[in-house]
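Notes follow once the structure below has been shown.
The values are calculated or read from the model by the stated rules, or taken from the named source; none is laboratory data. Keep in mind that what you see is a predicted model, and the values were worked out from it rather than measured. Backbone-built Cβ (ideal geometry, glycine too); neighbour counts: all protein chains shown.
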Amino acid sequence: MDYHTGVIPYGRQALDEDDIAAVVEVLRSDYLTTGPTVPAFEAGLAAATGARHAVALNSGTSALHAMYVAAGLVAGDEIVTSPLTFAATANAALYVGASVRFVDVEPDTGNLDPHGVAEALGERTKLIVPVDFAGHPADYDALRAVAERHAVRLVADGAHSLGARYRGRRVGTLADATEVSFHPVKPITTAEGGAVLTADRGIAREAALFRSHGITKEPADLLHPDEGGWWNEQHVLGFNYRLTDVQAALGLSQLAKLDRFIARRQAIAAAYDEALADLDAIELPGRRPDVEPGWHLYVIRTREPAERRPLFDRLRGAGLGVQVHYLPVYWHPYYEQLGYRRGMCPNAERYYQCAISLPIYPRMTDAEVARSIDVVRDAVTRGT
Ligand SMILES: Cc1ncc(COP(=O)(O)O)c(C=O)c1O
């Protein structure tokens with residue numbers, strides 16, 4: 001709960017005194033950035049996910065940008081992705097001068113439909129980019145088969161799904177590379193931050209180079225290794241996308257709690273599932289049997305688009321900080337102005353038009369879950 005307003009938000013961070021102490025320790029140390037805590041966080045991420053390499057960056061968006069470039073995306077290429085996502089998934093392709101082909105989602109999970117992907121692949125397609133909507137992993141085996149058939153790379157937007165599993169395998173090992181985000185509402189936080197997880201050494205190296213101006217000091221990579229101890233070389237055009245050591249300290253401390261955070265989210269989702277199952281006027285989140293979602297979001301849907309706004313307003317009026325995820329990316333005026341038109345992906349549009357994200361976050365107390373359930377039941381029943 002937000003103790004200033006009494007509103008139960010849809011998501012929020014969970015920080016303890018030990019997180020704060022970890023940050024303060026780095027603030028007192030010699031390195032605020034480019035120090036030892038960033039590689040320590042990266043090693044922790046790799047160990048926690050099973051990814052061989054983790055490259056930390058200063059946002060999920062910069063991680064997407066670095067991942068696309070490291071996976072070989074260049075101007076004139078195309079990515080195929082879901083429109084039911086935050087704009088950054090598509091924006092990062094536009095940053096490099098690539099274009100975006102939106103493919104419709106499965107109506108139950110809101111995830112990229114592998115059949116649609118197979119039909120949409122063209123000459124210019126370089127990357128397939130599933131988005132693990134709400135923390136529910138996409139159908140990676142089916143997407144992998146499509147990617148291999150067409151010799152394109154599969155790179156994932158896992159901004160919602162750190163800690164989730166697909167057929168027993170962890171997010172971070174399911175695609176050629178996976179971007180994750182550490183924004184405060186995400187599975188763990190560094191305030192702002194993100195990472196690229198991959199088993200591919202080449203992708204990891206490219207992403208690391210890209211996040212720091214394209215400049216390397218690695219002796220093995222230098223073209224002129226004998227110039228002296230100060231020597232460094234810029235090999236590609238990169239950015240300053242570095243995560244600070246201060247943030248990495250927070251991330252490392254949070255990472256130790258990831259399993260606990262996910263378990264709490266799963267318990268809250270189970271409580272919603274049970275308490276709302278009998279309400280015919282709403283649909284509960286779809287879940288595939290072979291998946292353990294991370295429950296970044298718990299999205300209910302009204303039966304008809306016209307019912308969404310009145311229900312949303314009643315829930316907000318009763319003190320639930322509900323949200324809507326997501327406006328199909330191509331509905332944004334910026335994308336309309338690029339020539340995209342409504343109607344392209346009917347499942348994603350309908351999903352959006354009926355969707356409401358209920359509160360779910362690790363620190364949500366049992367009393368808050370009970371209050372949220374009461375409010376939803378009351379608001380849904382009043383609407384029928
Ligand atoms: C699906 C998705 N992709 C990418 C991002 C971008 O992450 P960040 O906010 O860390 O830049 C977000 C974050 O909101 C997201 O939800």
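Consider the range 169-192. How many of its residues are within 12 Å of the ligand (Cβ to nearest atom) and part of a strand (DSSP E or B)?
Summing the residues that are within 12 Å of the ligand (Cβ to nearest atom) and part of a strand (DSSP E or B) in the range 169-192 gives 4.
Any chance you could count how many residues in the range 317-341 are farther than 28 Å from Asn91 by Cβ and free of Cβ contacts under 8 Å to residues at least 24 places away in the same chain?
1
Looking for whichever is surrounded by fewer than 21 Cβ atoms within 10 Å (Cβ to Cβ) and of a type in the set (Gly, Ala, Ser) here; the options are Ala90, Ala138, Ala151. Which one fits?
Ala151
Answer yes or no as to whether Val117 is closer than 25 Å to Arg350 by Cβ and either assigned by TED's automatic domain parsing to the domain that holds Ile262 or touching a residue at least 40 places away in the same chain (Cβ under 8 Å) (or both).
Values: closer than 25 Å to Arg350 by Cβ: yes; either assigned by TED's automatic domain parsing to the domain that holds Ile262 or touching a residue at least 40 places away in the same chain (Cβ under 8 Å) (or both): no.
No; evaluated as a whole, the condition is false for this residue.
For residues that are in contact with a Lys or Arg (Cβ under 8 Å, 6 or more places away or on another chain) and among the polar types (S, T, N, Q), scanning just the range 45-65, find the one that is nearest to the ligand (Cβ to nearest atom).
For the range 45-65, the residue satisfying everything is Ser62.
Against the condition at pLDDT 95 or above, in contact with an Asp or Glu (Cβ under 8 Å, 6 or more places away or on another chain), loosely packed, with under 12 Cβ neighbours inside 10 Å and not aliphatic (A, V, I, L, M), how does His224 come out, does it pass?
So His224 passes the test.
Before we move on, is Leu315 part of a helix (DSSP H, G or I) and under 18 Å from Ala271 (Cβ atoms)?
yes
Need the failing condition index for Tyr335 against (1) of a type in the set (Ser, Thr, Tyr); (2) over 25 Å from Val103 (Cα atoms); (3) at pLDDT 95 or above, just the number.
Here Tyr335 clears every test but (2).
Identify the residue in the range 1-24 that is exposed (fewer than 15 other Cβ atoms within 10 Å of the Cβ) and closer than 20 Å to Asn58 by Cα and, among all such residues, is farthest from the chain's Cα centre (by Cα).
Val24
Asp141 is checked against (1) in a helix (DSSP H, G or I); (2) farther than 26 Å from Gln266 by Cα and fails just one. What number does that condition carry?
(2)
Please verify whether the range 157-166 includes one or more residues that are farther than 28 Å from Arg201 by Cβ, touching an Asp or Glu at 6+ places or on another chain (Cβ under 6 Å), buried (at least 18 other Cβ atoms within 10 Å of the Cβ) and charged (D, E, K, R).
no
Being more than 16 Å from the ligand (Cβ to nearest atom) and at pLDDT 95 or above is the requirement here; does Tyr241 meet it?
Criteria not met by Tyr241.
Within the range 85-130, work out how many residues are within 11 Å of the ligand (Cβ to nearest atom) and in a helix (DSSP H, G or I).
5
Please state which of the following conditions Val236 fails to meet, knowing it meets all the rest: (1) of a type in the set (Val, Ile, Thr); (2) in a helix (DSSP H, G or I); (3) without any contact (Cβ under 8 Å) to a residue 40 or more places away in the chain.
Answer for Val236: the failing condition is (2).
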